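This report refers to the structure that appears directly beneath it.
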Amino acid sequence: MSVSVLVEQSEGQFSASPLGMAGLRFVGPSREEVLTSLRRALADKLASGELVDLETEPLGVSGQSGRFRDDPTLHEIRDQIYRDRDSERPE
């Protein structure tokens, strides 16, 4: 499993925190130390819980995409638009 981690250095200290998990952050004198601490904490969290991917319905206009794809009225409207467009083209 791969986790995106933000590692920062400031005033001789390193900090590491996984993206999307603001409550989990380690600070220490070396990059390796904070990454090792973070790796252990993530392993503990995963051992006591379950990691799942959750699908959600899109919101807004994106949520309407494909909604009327099988509606025969929409097909009639589309066909009429094409006929009108084709009739307006110069020959």
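At-a-glance table
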item: Answer residue from segment 33-91, given it is closer than 14 Å to Val3 by Cβ and among the aliphatic types (A, V, I, L, M) and is surrounded by the fewest Cβ atoms within 10 Å (Cβ to Cβ) among those; result: Leu51
item: Output for segment 1-32, where each listed residue is loosely packed, with under 11 Cβ neighbours inside 10 Å and at pLDDT below 90; result: Met1, Ser2, Gly20, Ala22, Gly23
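The values are calculated or read from the model by the stated rules, or taken from the named source; none is laboratory data. In this text the structure is predicted, and so the values were computed from the model without any measurement. Positions of Cβ are generated from backbone atoms using ideal geometry, with glycine treated the same way; all protein chains shown enter the neighbour counts.
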